[in-house]
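The values are calculated or read from the model by the stated rules, or taken from the named source; none is laboratory data. Small disclaimer: the values here were computed from a predicted structure and weren't measured. Positions of Cβ are backbone-derived with ideal geometry, glycine not excepted, and every protein chain shown enters the neighbour counts. Keep in mind that these areas ignore ligands, DNA and RNA; they rest on the heavy atoms of the full protein, side chains included. Shrake-Rupley method; radii C 1.70, N 1.55, O 1.52, S 1.80 Å.
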Amino acid sequence: MLGMIWGERSGRGSRRRGAAARRGHRPAIEGLESRIVLSTTDTWTGGASNGLWSSAGNWDSGVPTTGEDLVFPAGKAATLNNDITSLSVGSITFSGSGYRSYILTGNAMTITGGITESAQALGDAVQNDLTISGAQTIDNAYDLTLSGNLSRSGLISKSGVGRLWFGGDNSGFSGGISASAGDIILTSATGLGT
């Protein structure tokens, strides 16, 4: 293919290019620009009316897969069951206005991008066991309860004026918890981890 670029075509100009290549002018290889892979966001719609995370009709983009950010918007109070095994999500966001509460239950999951509670809520809750993968921010303007067990390490930084409740056995968590606003309330002796 290089011969074709450097002068195997007929004509005087192509011979010059070929001669230039023989004198040490070689084509340069340039790297491609870097690419940013954007995570996908799945927003709960509840369209399947069964509360199961594995039902594609409950999400605007189909069943969540690894790395996706999950959004639970304003709506009716609901208990939602994560029946997907080995799910690792980017972030979880409770958003919108309107008083309601989501209670997330079911299988354990890994979280890599924190939790945001910006919804006017009566108190949302994550009852799932959570594996904390890396540093996390929990930004809650309203009350949020984490009652499942936390494991692994990664600093949890709490911001927002809402109360954050830890109720699980977090003895498997060693990342530390800091707060810049709001209250942290423990309902378990091992709520802050080890």
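Observations on the structure shown:
- One chain, two ends: S88 and D183. Fully extended at 0.36 nm per residue, the span grows by 31.4 nm beyond their Cα-Cα distance.
- Calculated over the range 149-194: convex hull of Cα atoms, volume per residue (Å³): 54 Å³
- Between the range 55-106 and the range 141-194, the Cα center-to-center distance that results, in Å: 20 Å
- Formal net charge of residues neighbouring D42 (Cβ-Cβ distance under 10 Å; K, R +1; D, E -1): -3
- With the simple spin-label model, which puts each label point 7 Å out from Cα in the Cβ direction, the I29 to S95 separation comes to 4.3 nm.
- T79 versus T137: modelled label distance in nm, points set 7 Å from Cα along the beta carbon direction: 3.3 nm
- Compactness relative to 2.2 N^0.38 Å, alpha carbon Rg of the range 99-194: 0.96
- Total formal charge among the other residues, if their Cβ is under 14 angstrom from that of M109, Lys/Arg +1 and Asp/Glu -1: -4
- For T93, distant residues with modelled amide H under 5 Å away: L70, V71, F72, T116
- Rolling a 1.4 angstrom probe over the protein heavy atoms with all chains in place gives the range 100-194 an accessible area of 40 Å² per residue.
- Environment charge of D143, counting only residues whose C-beta is closer than 15 Å and scoring Lys/Arg +1, Asp/Glu -1: -1
- Counted residue by residue at 0.36 nm each, then reduced by the alpha carbon distance between them, the extension gain from T43 to T190 reaches 49.7 nm.
- Tensor-based shape of the range 36-100 (alpha-carbon gyration tensor, a/c under 1.5 rounded, otherwise prolate or oblate): oblate
- Between N107 and A56, the contour length at 0.36 nm per residue exceeds the Cα-Cα span by 16.6 nm.
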